[in-house]
Amino acid sequence: MGWAIYCRISKDQKGEGHGVDRQENDCRKFASLHNLEVVDVYTDNDISAFSGATRPAYEQMMQAAKDGQLEGIICWHIDRLYRRSVDLENLVEIVETTGVEVRTVKAGDLDLNTATGRMMARMVATIANYEVDHMTERLKASEEQRAMQGKWRGGYVPHGYRNIKGEGRLEINENEAQWLRRATDLLLEGHSLRSVVKSLNAEGSLTNHGNQWRSVTLRNALLNPTIAGFSTHKKKIVGKAQWPAILEENKWHQIRALLTDPARRTQQGTDRKWQGAGVYRCGKCGGKLYSMGAYGGKRSYMCRECGGVHRSQQPLDALVDRVVIGYLSKPENQITLASKADPKGPDLPKLKNERLQLLSRKTSLGELFGAGVIDRSQLVAGTREVEDALKKLDRKISDISATHPGLALVLNSDDVAAAWGGLSADNRAEVIDMLMTVTVMPGKRGPKFDPELIKIEWK
Ligand SMILES: [Zn+2]
């Protein structure tokens, strides 16, 4: 037993709530707000209730109600359930015999068990039809029009802006905007959302409501198309705004890709502090190692499953770092890593390969000039060409690896060790996990670290 959502599109109606998605969405929100368990959604498409045509989903739902399978029905508006009085009487009969409840998002609950309730239902339907069809429709249209012209329509002023009252436009609040730009850069460099929030708060940045930043407020602020100079209507981009952008369009697309990556979202809660947590393995039981509090003054990794393995964090991480940096210092291994990160498309490894070729062309230009094969103007022109190509390539690599922010850094860098050092623990963990299995073998008790007891297998 549970609640059914009923949605219907009708040709003769173009107002708010026209789309089935919107109807269902609003009904679901309503259900969760009122703690109603939704067990089924019934949708009839494009059949006018006036024409008397059958509504298969509606009939099915009514059958389910008669069979005692439904506690109640939720619909966006009662005009979705019936238009003709005969339909209403039908509904009344089912309500009376089954005790099924009817709730609507727009017109409240319908108590069809009483004469007054039934009369109300009829009146509400009449009045609301008028409203839905005419009044709201006109309002929405003008609002949409303004949005399409890129005008600010009032309401909640987004972070980084100030509303110029009466002029229908926004101006940048530089004081706030600079923090959004900084947060974007940090995120694109591979820092976790949480660590960026922490540093904004530590540096005294506040939201436009004067509050401390939280992950969700920062994420929403950066995802808002307004800051890239887009005008929106019903959360969709409808045009170029008349106000200036805080973030360059390209950069905004990058940050949006990064923040909406589903892989990232699941990681948000963990904000890893130690690269091996949940990555390194226990040599005794195969379980994952996690970071433990300071043990004898030193932080360590420990197997949570069997407790049989316990190792100092610092020398273990340092060993793994050395191995990874050594491995990635070879260009061909960077290509291997790229293909592991992007197994579906050959793009990333191919681009990485092109990048290496460009670098070597740059080097050879210098050699050719040194050997007197080309003259200075040829060297300058050639170098500029290579550098332009490199820039383009780096942008492409960043775009593709936006979902793996750590990788972008390593792959775009000419100094692997430095890039590795600059990665967050989260990003290092991702790369380590892609490349190898690190197993910590049980050893003698004591603080001594023995590299022989660390088994590294390439994946
Ligand atoms: Zn274990």
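Okay, here's what the table says:
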read-out: For the range 30-41, Karplus couplings with θ = phi - 60° (6.51, -1.76, 1.60), whole Hz, Gly/Pro x; value: 4, 4, 6, 5, 9, 6, 9, 7, 8, 10, 7, 10
read-out: Thr97 accessible area, assembled protein chains, probe 1.4 Å, Å²; value: 110
read-out: Other-chain or far-sequence residues with amide H under 5 Å of Ala241's (modelled H); value: Phe230, Ser231
read-out: Potential lengthening between Arg162 and Gln178 on full extension [0.36 nm per residue; Cα-Cα distance subtracted]; value: 4.4 nm
read-out: Potential extension, Gln145-Lys284 segment - 0.36 nm per residue separation minus Cα distance; value: 43.4 nm
read-out: Highest to lowest packing among 170-183, 220-233, 384-397, scored as the average C-beta count within 10 Å; value: 220-233, 170-183, 384-397
read-out: Net charge over other residues, Cβ less than 12 angstrom from the Cβ of Arg169 (K, R count +1; D, E count -1); value: +3
read-out: Approximate shape of the range 161-267 as ellipsoid semi-axes (Cα gyration tensor, √5λ), whole Å, largest first; value: 23, 17, 11
read-out: Inter-label distance, nm, simple model (7 Å from Cα along the C-beta direction), Asn250/Met1; value: 6.1
read-out: Summed side-chain charge close to Gly283 - residues other than Gly283 whose Cβ falls under 11 Å, Lys, Arg +1, Asp, Glu -1; value: +4
read-out: Length-normalised contact order of the range 161-267 in % [C-alpha pairs under 8 Å, at least 6 apart]; value: 23
read-out: Residue pairs, from the table Lys151/Lys235; Lys330/Lys352; Lys352/Lys391; Lys240/Lys391, whose Cα atoms sit over 18 Å apart; value: Lys240/Lys391
read-out: Highest to lowest packing among 451-457, 75-81, 146-152, scored as the average C-beta count within 10 Å; value: 75-81, 146-152, 451-457
read-out: Dipole of the range 161-267 [Lys/Arg +1, Asp/Glu -1 at C-beta], most positive-end residue of Leu206, His233, Val196; value: His233
read-out: Those lysines that a straight Cα-Cα span of less than 19 Å connects to Lys273, excepting residues fewer than 8 apart in one chain; value: Lys198, Lys288, Lys298
read-out: Ser339 paired with Lys392, simple spin-label distance in nm, labels 7 Å along Cα-to-beta-carbon; value: 2.5
read-out: Label-point separation, Arg299 to Asp450 (7 Å along Cα→Cβ), nm; value: 2.6
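The values are calculated or read from the model by the stated rules, or taken from the named source; none is laboratory data. Remember, it's a predicted structure, so these values are computed and weren't measured experimentally. Cβ atoms come from the backbone with ideal geometry, glycine included; neighbour counts cover every protein chain shown. These accessible areas exclude ligands, DNA and RNA; they are computed on the full protein's heavy atoms, side chains included. Shrake-Rupley method; radii C 1.70, N 1.55, O 1.52, S 1.80 Å.
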